[in-house]
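The values are calculated or read from the model by the stated rules, or taken from the named source; none is laboratory data. All values derive from a computational prediction rather than experimental measurement. Using ideal geometry, Cβ is built from the backbone for each residue, glycine included, and neighbour counts are taken over all protein chains shown. Protein only, heavy atoms only, side chains kept; ligands, DNA and RNA dropped before computing areas. Shrake-Rupley method; radii C 1.70, N 1.55, O 1.52, S 1.80 Å.
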Amino acid sequence: MTVHTTVGQDPDSNDVVILLEMQHREIRRRMDAVLEETGKAREKAFRRFVHLLAVHETAEEEIVHPYVRKAGEKKGDQTVADRLREEEAAKRALRELEDERCDSEEFEPKFRELRAAVLAHAEAEEAEEFPLVRSMADAARLQYMSKALRAAEMVAPTRPHPGTESAAGNLLLGPFAAIADRTREVVRMALGH
């Protein structure tokens, strides 16, 4: 693989690890915004958070985890298995919010649980998985993966998944499922799969 300069992009954007770390910071900001807002503003902040989380997690599942598994052998397998367990914990917490309105009494404690799971997951990625990517990938591979990540970000839908019937499902699961589905498609196209 050859490293190419990306016209109009910060050179750091050619590095998938830097892009993922930037997304982690944005996810943290969006979670904080959910807790700071109320009413319709909280609902909007929550949808924005769910959107980015869906794009981020799906891109990691399609781009980073397979690479770490393949290149990292046994250590990579264990690292990815640990991250997938953490992602599942976050998805369970998200499902707990599925039937809650953003202005209900139960929403904030359940969201704080989700927030804790997401933060723990991001910290583990930064401490364990990203260093593996750095040690195994050359600059061209990092750029290749960042290209797929940027493609996923640009085309992820913001509308509900058509099969989701309830209002709560449309708010949470629908967008998450639609975004995850579309992100998966785009990443696979960008990676040539």
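For residue 44, which aspartates and glutamates qualify as cross-link partners when the Cα separation must be under 14 Å and same-chain residues fewer than eight apart are set aside? Once the sequence-local aspartates and glutamates are set aside, what remains near residue 44 is 32, 36, 103. Taking every protein chain into account, the 1.4 Å probe leaves residue 103 with about 100 Å² of accessible area, to the nearest ten. If you take all other residues with their beta carbon under 12 Å from the beta carbon of residue 33, and give Lys and Arg +1 and Asp and Glu -1, the sum is +3. Spin-label model, residue 33/residue 21: points 7 Å from Cα along the beta carbon direction are separated by 2.3 nm.
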